[in-house]
Amino acid sequence: MSDDSSEKAVATDIGGGGQPPTDGGDGGGTTAPTPRELPEPQSSVLSLAQLIGAPIHALVDAEAQSAMATARFIRSVGFTGNGDGMGDLGELQMARFKRRHRGADGSDEEVEVQIPLLSMLPIPALQIKDAELDYTVKIVQTEALPQRQAEVDQLMAAKRQGPTGEPPATLRATFAREQGSNGRRSVDMLVKMKLRIEQADMPGGLAQLLALASESSSQDVLAKRDEEGDG
Amino acid sequence: MTATQPGRIPCPACSQPLALPIEAVLTGQAIACAGCGLELTAQRETSHEALNALGRWYEETAEARTTAASGQASAAAGQTAKASRRVTRPRR
């Protein structure tokens, strides 16, 4: 049975009014289950919590991956150690520059300036500024899970809560199909997701790292030439 | 000395912010401080590993920089077009 036909079967069951399915599925040779005959949960039918939670989980995962990419960048570009693994960072990667400097005694000095590579590059650190999720779900089944039922039974035995003492139901849902522009049902079942990504503010730890990197800039006199001696 | 702004370091002589253009560092051009005239030149022979890493970063981000630059250019062109429309709008 395809997802399409499973959705139709469930919708028929929940509707329960004997109305024929209207979602334009294949329909050929599919026998609609009788009322009270709930289908087994299928891959497209999840608990409502899972359905809502999955895209949110994906957002958190995406942010974690972004943070890991930033960390890998810092390791591979900013340090001399092997940037692939999580082993030794090695030393700060320093770029060396040369400059001429006139000393206090009038002599010309050649000075080496060491600057950490990390302070020369923009460090990519992206974060999700805001996310807009638009779900269209169809509740296809309500059930009380056995484990939940046991917990509820225990609670109810101790103290009956609520006016009826009914256990809370778990909702099962599937993504509902979008209405097409011409009034026909579309075949798309989508979660609309709109994200705004921005360069993250520099985290405190990273700012500290850059400050430390900056402090490790150094200058060494390479050679000293006496002006008179040169002339 | 702080260098929390990437691409800028305090000048080693006068501590004014000194921009380090990556192209100039990679090509070995002298980078001059606008404050004191100090000139810095990358030492290729002693910075081999660092310059290689910098070169890899520069190559890998070339496309992103081009895209960002074209996006900025088209945004600027849009602003200019809007401004010129405002200027040329006839008065009643």
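Starting from the exponent 0.38 and prefactor 2.2 Å, build the expected Rg for segment B:8-82 from its residue count and divide its actual Cα Rg by it. Each step should come with its number before you reach the end.
Values: Rg = 16.2 Å, N = 75, 2.2 N^0.38 = 11.3 Å.
So the Cα radius of gyration is 1.43 times the expected 2.2 N^0.38 Å.
Here A:Q208 and A:I56 are evaluated by their C-beta separation; at R0 = 35 Å the FRET efficiency comes out at 0.70. Grab the other residues whose beta carbon is less than 13 angstrom from that of B:Y58, score K and R as +1, D and E as -1, and report the net. Every neighbour counted, the sum reads -2. Along the axis of the charge dipole computed for segment B:8-82 (Cβ charges of +1 for Lys and Arg, -1 for Asp and Glu, origin at the Cα centre), the listed residues B:I9, B:T80, B:A62 are led at the positive end by B:T80. Once both labels are positioned 7 Å from their Cα atoms along Cα-to-Cβ, the gap between B:T67 and A:A64 label points is 2.6 nm. Remark: the A:E215-A:I139 segment gains 21.4 nm on full extension, using 0.36 nm per residue and subtracting the alpha carbon distance.
Inter-chain neighbour count for A:116-126: the average number of beta-carbon atoms from partner chains within 10 Å of each residue's beta-carbon is 5.
Coordinate-derived values only; no laboratory data. Since the structure is predicted, the reported quantities are computational estimates derived from the model, not experimental observations. A quick note on method: Cβ atoms are made from the backbone with ideal geometry, for glycine too, and the neighbour counts reach across all protein chains shown.
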